[in-house]
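Novice: Here it is, the structure, as structure tokens.
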Amino acid sequence: MIVQNWWFTTLLKNEYKICPPLQKDINCDILIIGGGMSGVSAAAEFIDKGFKVVLIEKNILGGSSSGKSAGFLTPDSELELSQLVRRFGIKGANEIWSAPVEGIELIKKNVEKYNISCDFRIQDSLFLGIGTSGLIDVKDEMECRETVGFKNQEFYSKDGLDRILKSDGFNGAVRYSETYGINCLQYLQGMKSIFLKNGIEVYESTEVHSLNGNIAYTHAGSIQANQIIIAIDKMEDRFNKVAKEIYHAQTFLSVSEPLSDAEVSQLFPSGNEFQMWDSTLVYSYWRLIDENRILLGGGTAASTFLPNPWYNDGIIKGVHKNFKKHFGFLESLRFIQYWPGLIDTSRDLLPVLVKDEHNPNIHFIQGVVGLPWASFCGHFVANNILNSSFSEDKKYYEYFSDRRYFAFPTWMEKVVTKPILFSLNNGWAKYYQVDKKDQLKFKKNEF
């Protein structure tokens, strides 16, 4: 295996215009800093709205976390629905879950409207339970989806699972539809072409060094804007103190050599593809991508909160080994490339959407885990700029505030270090937290 992001290889299949860096001083109505899913989703809302919009990215559009991602378009991004119900009650969980659901529809709409070539494919979600506890988890998810009122799910027992997936070692699964897979790097580069055709200025290889009021300074230029949306990952404290609320989780992705048609048919007996993940603490996840390749990701508890990217192939080889225990007929399958990814996250795995406390014209989108969530957040912030009375509901500023309840406060970082602080908070939010105002509304297994 070589260390290389497979998605960059796929860019050779299409022609994309390289946008030169900013080397002058300019003015605009809207400045968007960050060309990942959040920033691009925000920019898309300003097409044909009569504003001068500038989008800048220190890499190429999609060159950071979004373009390294697995391309799962499912609301499940670290947090299952049942975990949200425990924290927020049925009503609150439904409202929060609707955010990534809308994010998925926004991406789908753009792919169809602009005919973007990005390996967009229908892939139902399949949450697979391992062991007794895993079976309980998938049953809880199934019951919770029914209680909330969703109707697009189906439960599979261990024996029933054989009808849709050739595998060993899973005790059950819950499946639901209206989810998809995507090559996000191709999608974001495709959106860049749409922006350029519609008068949005894009500058790649352009990093913001500092902000002063409504002016962003780069090495060779500056941008003065009426409104600024900051949607960057690994943000430093010098931009804003909200950076203290964000850390990262580390995962690893890999891509296989192509499967034969016979192997694909054996893998999916029903003919339906799935995007899949298991019930383990540091879960593995996989799906089929273009050319019948398997995209497989995962990690270990020890590597998840490391401060810097880890390039040793030992961790991903362990993920491969576990994968092949479940899919023995793919024992000889070789994985040709792998790459690490640092995924920004908040202390409780939900996004952070805030305005600068001194300048309400500066908006921050931070700690977004999952492409659908990022799509929604960019859309939401942009529409609040377009219409200050935008009613898609201000409640999301409350749900995603940086002042929401966290089990372990930031001052503990000085005592236990930031990686440990975030691992404690993430674990608490995922498995134990019940918000005080909702703690009487939900108890596990009471549906």
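Novice: Which of Lys13/Lys58; Lys58/Lys109; Lys91/Lys324; Lys17/Lys109; Lys108/Lys395; Lys139/Lys166 have a Cα-Cα distance over 29 Å?
Specialist: In this structure, Lys91/Lys324 lie more than 29 Å apart at Cα.
Novice: Given springs between every Cα pair under 10 Å in a Gaussian network model of the chain, which of Lys414, Lys108, Lys158 has the largest fluctuation?
Specialist: It is Lys414.
Novice: From the mean inverse distance of alpha carbon pairs (Kirkwood) and the Cα radius of gyration, derive Rg over Rh for region 155-222.
Specialist: The Rg/Rh ratio comes out at 1.36.
Novice: If r is the Cβ-Cβ distance from Val416 to Ala301 and R0 is 22 Å, what FRET efficiency results, to the nearest 0.05?
Specialist: 0.85
Novice: Per-residue ellipticity at 222 nm for the chain, helices alone: DSSP H runs ≥ 4 residues times -39500 (n - 2.57), over residue total, nearest 500 deg cm²/dmol?
Specialist: -10000 deg cm²/dmol
Novice: While we're here: How far is helix 371-386 tilted off the main Cα axis of the chain, in degrees rounded to 10, range 0 to 90?
Specialist: 30
Novice: Now for a different question. Which of the peptides 63-71, 4-12 is most tightly packed, and how do the rest follow, judged by the mean count of other Cβ atoms within 10 Å per residue?
Specialist: So the order, starting with the most tightly packed, is 63-71, 4-12.
Novice: Quickly rank 306-313, 338-345 as a protection proxy: mean count of other C-beta atoms within 10 Å, highest first.
Specialist: 338-345, 306-313
Novice: When the Karplus curve 6.51 cos²θ - 1.76 cosθ + 1.60 is applied with θ = phi - 60°, which whole-Hz ³J(HN,Hα) does each residue of region 206-223 get, with x for Gly and Pro?
Specialist: 10, 9, 7, 8, 7, 10, 9, x, 9, 10, 9, 10, 10, 5, 10, x, 8, 9
Novice: While we're looking at this one, here's another question. Report, in degrees rounded to the nearest 10, the 0 to 90 angle that the Cα long axis of helix 184-197 makes with the longest principal axis of the chain.
Specialist: Helix 184-197 sits at roughly 30 degrees to that axis.
Novice: Just the Cα atoms of region 179-266, one point each, no solvent: what log10 I(q)/I(0) does Debye give at q = 0.15, 0.25 Å⁻¹?
Specialist: With one equal scatterer per Cα and no solvent, log10 I(q)/I(0) is -0.88, -1.32.
Novice: Sorted by packing (mean other beta-carbon atoms within 10 Å per residue), highest first, where do 138-150, 324-336 land?
Specialist: Descending mean neighbour count gives 138-150, 324-336.
Novice: Once the Cα atoms of helix 418-431 and of the chain are each reduced to a long axis, what angle between those two axes, in degrees from 0 to 90 to the nearest 10, is obtained?
Specialist: Orientation of helix 418-431: about 60 degrees from the principal axis.
Laboratory data are not the source of any read-out in this text; all were calculated from the coordinates shown. Just so you know, these numbers come straight off a predicted model, no measurement behind them. Note that each Cβ is placed from the backbone with ideal geometry, even for glycine, and that neighbours are counted across all protein chains shown.
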